[in-house]
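A short worksheet on the structure shown next.
No value in this document is a laboratory result; all are computed from the given coordinates. Please read all numbers here as calculations on a predicted model, not as lab measurements. Please note: Cβ atoms are built from the backbone with ideal geometry, for glycine as well, and neighbour counts cover all protein chains shown.
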Amino acid sequence: MRASALALRSAAAVVIAIALAVTLGPACSINSRSDDFRCDRPGDCAPGRDCVDGWCVVDPDEIDASTTCPPACTRCQGGTCIIECDNAAACSDSRVTCPGTMPCDVRCSGSSSCGAGVSCGAAATCTVTCSGPGSCDQQVQCGAGACTVACGGTGSCGDGIDCDGACACTTTCSGAGACTGAIDCPAPSACTADGQCTMQPGPCNRC
């Protein structure tokens, strides 16, 4: 009797296992990937994704630490808001303003891009690169955080740079005819060298 009972229990267990396999098997084999993320080359993927093994996957380096990237940013990378203005007259309808307090990197590489100027706002740190010809025509305004402004485009930064309220500031006007407007640097006077702002010596970096 005991042997028969064990046999019946074993048989019942097998039947239950088969039933579960039939019921759950298809669900476990569902491919949850969307065809919208298929790719043949990197160019098939949206910004922030790489083409890996035929699928557009998120690039970990382009995920903001807070997992939220403000709409004003072109993308967020390593916790920094990156604003790309790489077409002619791009970002010129209104002043480019860094969102919130996250570090900000504004890149005005298009001809006459960022024409209404740039404001770093309350960004913890701010980097503004005006490399396009005639870019950043209106004033570049740094905030209270560390600020770096590079005006390498011909005739860029026409209305100058205001960073006298920054805890540290470095400016470079290497483009022909760049920075025809005033450059206001933080105090003391040692923070101004050859008409440019510098973070050296020590008193010029209060961040």
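The figures follow:
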item	result
Segment T101-D194, length gained on full extension (0.36 nm per residue, minus Cα span)	30.4 nm
Charged-residue dipole, Cβ positions (Lys, Arg, Asp, Glu), region 68-204 about Cα centre, Debye nearest 20	240
Cβ-based exposure ranking for D162, D44, D93, D184, in which fewest neighbours within 10 Å come first	D93, D44, D184, D162
Point-to-point label distance, D36-S94, nm (Cα→Cβ direction, 7 Å offset)	2.8
Amide hydrogen neighbours beyond the local backbone of C173, cut-off 5 Å, H modeled	C151
